[in-house]
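Just so you know, all these numbers are worked out from the coordinates, no wet-lab data involved. Here the structure is a predicted model, which means the values were calculated and not measured. FYI the Cβ positions are ideal-geometry reconstructions off the backbone, even for glycines, and counts take in every protein chain you see.
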Amino acid sequence: MNKIQLHCMCCDRILEGEKWDDNPLTINPVYNGLIFRSNGNFGSTIFDPMPIGNEEFLQVVICDFCVMQRDERVTRVYNIKTTKTAESESFEVEEREENDQH
Ligand SMILES: [Zn+2]
């Protein structure tokens, strides 16, 4: 494992992380943050790759603090593999002590 530093896309805070090599798939874990990946979106004007042969995605890291600040805008999707239709709900971060946020 190699220690790395990543920047939060929203606030530019530096997050510590680990990875095995130069493969972006091996970035895990990122401490105090989350990794978001998008395979693109048909309606996007900036990233809508054809999913034929070359699988690709965009990847960003957002710190836990920034996600907590906007958790009402996050959808938690679960039971993806156990039901035909995934379930979803609003994502809400539980209240934490002030010191836990950073
Ligand atoms: Zn942030």
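Over the C-alpha atoms of the chain, the Rg to Rh ratio, Rh being the Kirkwood estimate, stands at 1.00.
When both bridge partners sit in the chain, DSSP labels roughly 100% of those beta bridges antiparallel.
Mean separation of Cα pairs under 8 Å and 6 or more residues apart, divided by the residue count, gives the chain a relative contact order of 20 percent. Highest mean packing first, where packing is the average number of other Cβ atoms within 10 Å per residue, the peptides 39-49, 8-18 line up as 8-18, 39-49. In the chain, helical runs assigned H by DSSP with n ≥ 4 each contribute -39500 (n - 2.57); averaged across all residues and rounded to the nearest 500, the mean residue ellipticity at 222 nm is -2000 deg cm²/dmol. Karplus-derived 3J(HN,Hα) values for the range 60-76, using 6.51 cos²θ - 1.76 cosθ + 1.60 with θ = phi - 60°, are 9, 10, 10, 5, 4, 4, 5, 5, 4, 5, 10, 4, 5, 9, 9, 9, 9 Hz; glycine and proline are entered as x. Between amide H atoms placed 1.01 Å from N, distances below 5 Å from CYS10 occur with CYS63, all of them 5 or more places distant or on a separate chain.
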